[in-house]
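This report concerns only the one structure given below.
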Amino acid sequence: MSINMDDLKKVNVDTLTAKEKQKCYEAFVAFDKNVSGYIEKDELRAVLEEMGQKPTEEELIKMINEVDVSGRGAISKEDFLKIIAYHKMILQTSDEEDIKLAFIALGGNEDKSGSVDRQKLINVIQNEFNLSIDLNRLIKELSPNQNELKYEDFRNLLQN
């Protein structure tokens with residue numbers, strides 16, 4: 001994943017939950033072997049080597065420079081939090097786009113208007129993907145008494 005520095009600088013770390021922030025701090029401490037408050041090149045190398053990777057000097061410098069918002073030549077706790085928040089934002093954007101494309105493929109409109117036929121969705125999930133989920137029950141919980149799913153209900157069904 002290539003990181004857009006302008007986007008990274010704009011990321012709000014408050015999109016992370018308290019639990020996510022705590023896990024980030026724990027991971028950061030595991031990387032920060034010399035307890036300097038920064039993940040430096042040698043620390044990053046050691047962690048990557050523990051994971052079976054053999055990064056070159058150039059790769060390590062590129063990795064750090066790609067996420068070093070502060071410009072120190074190392075990754076600060078704040079940089080680390082921003083990286084995690086950025087990754088979360090990218091995943092959410094990607095998930096939303098995938099859901100929209102599935103909605104369109106099943107008969108909805110590109111502007112998220114229209115709807116998806118309940119039976120068509122059930123047939124695709126059960127016959128094309130061979131999943132044995134009780135979709136009728138899930139759909140009834142979201143859209144009782146409807147044979148069509150609007151975008152919001154479709155998205156909620158796929159995200160839950």
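The values are calculated or read from the model by the stated rules, or taken from the named source; none is laboratory data. Note that the coordinates shown come from a computational prediction; the quantities given were computed from them, not determined experimentally. Positions of Cβ are generated from backbone atoms using ideal geometry, with glycine treated the same way; all protein chains shown enter the neighbour counts. Quick note on the areas: whole protein, heavy atoms, side chains included, nothing else; ligands and nucleic acids left out. Shrake-Rupley method; radii C 1.70, N 1.55, O 1.52, S 1.80 Å.
Out of the residues in the stretch 87-109 that are β-branched (Val, Ile, Thr) and free of Cβ contacts under 8 Å to residues at least 24 places away in the same chain, state the one that is nearest to Phe154 (Cα to Cα).
Going through the qualifying residues, I end up with Ile104.
Asp95 - would you say it is open to solvent by 50 Å² or more (accessible area, probe 1.4 Å), within 22 Å of the chain's Cα centre (by Cα) and not basic (Lys, Arg)?
yes
I want to confirm something. Restricting to the stretch 63-82 and keeping residues that are of a type in the set (Lys, Arg) and not in a loop (DSSP other than H, G, I, E, B), which single residue is farthest from Val47 (Cα to Cα)? Show your work before the answer.
To start, the set of residues in the stretch 63-82 that are of a type in the set (Lys, Arg) comprises 72, 77, 82.
Subset that is not in a loop (DSSP other than H, G, I, E, B): 77, 82.
Values: Lys77: 16, Lys82: 20 Å.
Taking the candidates together, the pick is Lys82.
Consider Lys112 carefully, then state whether it is in contact (Cβ under 8 Å) with a residue 40 or more places away in the chain and either loosely packed, with under 11 Cβ neighbours inside 10 Å or among the basic types (Lys, Arg) (or both).
Working: in contact (Cβ under 8 Å) with a residue 40 or more places away in the chain: no; either loosely packed, with under 11 Cβ neighbours inside 10 Å or among the basic types (Lys, Arg) (or both): yes.
So Lys112 fails the test.
Given (1) more than 30 Å from Ile139 (Cβ to Cβ); (2) assigned to a helix (DSSP H, G or I), where does Ser94 come up short, assuming only one miss?
It is condition (1) that Ser94 fails.
Here are some conditions: (1) without any contact (Cβ under 8 Å) to a residue 12 or more places away in the chain; (2) in contact with a helix residue (DSSP H, G or I) (Cβ under 7 Å, 6 or more places away or on another chain); (3) exposed (fewer than 13 other Cβ atoms within 10 Å of the Cβ). Asp68 meets all but one. Which one does it not meet?
(3)
Which of the residues belonging to the stretch 121-143 are open to solvent by 90 Å² or more (accessible area, probe 1.4 Å) and more than 27 Å from the chain's Cα centre (by Cα)?
Asn127, Arg137, Lys140
Given the conditions (1) buried (at least 18 other Cβ atoms within 10 Å of the Cβ); (2) not in a helix (DSSP H, G or I), which single one is not true for Ala85?
In the conditions (1) buried (at least 18 other Cβ atoms within 10 Å of the Cβ); (2) not in a helix (DSSP H, G or I), Ala85 misses (2) alone.
Can you name every residue in the stretch 1-43 that is at pLDDT below 85, open to solvent by less than 60 Å² (accessible area, probe 1.4 Å) and in a helix (DSSP H, G or I)?
Of everything in the stretch 1-43, those that are at pLDDT below 85, open to solvent by less than 60 Å² (accessible area, probe 1.4 Å) and in a helix (DSSP H, G or I) turn out to be Met5, Leu8, Val13.
Search the stretch 44-56 for residues being open to solvent by 70 Å² or more (accessible area, probe 1.4 Å) and either within 20 Å of the chain's Cα centre (by Cα) or not hydrophobic (A, V, I, L, M, F, W, C) (or both), and hand back the single one that is nearest to Gln22 (Cα to Cα).
Glu50
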